[in-house]
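Just below is one structure, and these are the notes that go with it.
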Amino acid sequence: MKTIKSILKKTGWVLLIAFVVIQFFRPEKNISTAVQPKNISTAVYVPAPVDTILRTSCYDCHSNNTVYPWYSYVQPFAWWLGDHVNEGKGEINFDDFASYRLRRQFHKIEEIEEMVVENEMPLSSYTLIHRDAVLSDDQKKLLTGWCHAVMDTMKAHYPEDSLKRPAPARLP
């Protein structure tokens, strides 16, 4: 009995020391207060209500400036959030959107619409804590309508092969 208590006590101390040590290893924060010259609004028209929705529900993971919650200062949560933000920015970064090629811009607008319609974004793990990021039905309609308007505008101004990959030729 005494050995089990001893083992549990030693294990507890090791875990506590490990927890304290990992607090000194922090990922780089995704914080930029600079003006973002390649923001999506420089490439496509983003009305104020849509901009508000994007900033409230998307920008923490999909921009160059994340507003970090209190728990982001505690490891291992900071690592998890850092990976999550890096992955999100890899999918779409609203602050770099204007630097994307036309085809990628068009595809990302298509994906925004798809993710909203299929309730895949914002992630439920995000909205669990950020309740203001939950999209109402009206907000979803506004976003999907905006996506369609942007895609229609792009189709009207650019040749289709610059927006979508041409279908592969069929062999006879």
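Points to keep in mind about this one:
- Subset of segment 142-162 [open to solvent by less than 70 Å² (accessible area, probe 1.4 Å) and farther than 19 Å from residue 51 by Cβ]: 162
- The residue that is surrounded by the fewest Cβ atoms within 10 Å (Cβ to Cβ), among those in segment 105-120 that are among the hydrophobic types (A, V, I, L, M, F, W, C) and over 15 Å from the mean Cα position of the chain (by Cα), is 117.
- Whichever residue in segment 18-50 is more than 30 Å from residue 100 (Cα to Cα) and open to solvent by less than 100 Å² (accessible area, probe 1.4 Å) and, among such residues, is modelled with the lowest pLDDT: 22
- Of the criteria (1) touching a helix residue (DSSP H, G or I) at 6+ places or on another chain (Cβ under 9 Å); (2) within 25 Å of residue 38 (Cα to Cα); (3) modelled with pLDDT under 95, which one residue 108 fails: (3)
- Checklist (1) among the hydroxyl-bearing types (Ser, Thr, Tyr); (2) within 16 Å of the chain's Cα centre (by Cα); (3) surrounded by fewer than 16 Cβ atoms within 10 Å (Cβ to Cβ) applied to residue 136, failing item: (2)
- Among (1) surrounded by fewer than 17 Cβ atoms within 10 Å (Cβ to Cβ); (2) basic (Lys, Arg); (3) in a helix (DSSP H, G or I), the one test that residue 165 misses: (3)
- In segment 51-95, the qualifying residues are those that are acidic (Asp, Glu) and open to solvent by less than 70 Å² (accessible area, probe 1.4 Å), and the one that is modelled with the highest pLDDT is 51.
- Only a single item in (1) touching a residue at least 40 places away in the same chain (Cβ under 8 Å); (2) open to solvent by less than 40 Å² (accessible area, probe 1.4 Å); (3) more than 13 Å from the chain's Cα centre (by Cα) is not met by residue 102, and it is number (2).
The values are calculated or read from the model by the stated rules, or taken from the named source; none is laboratory data. Computed from a prediction, not measured in an experiment: that's the story for all the values here. Every residue, glycine as well, gets a Cβ built from its backbone with ideal geometry; the counts of neighbours run over all protein chains shown. SASA here: full protein model, heavy atoms, side chains in, ligands and nucleic acids out. Shrake-Rupley method; radii C 1.70, N 1.55, O 1.52, S 1.80 Å.
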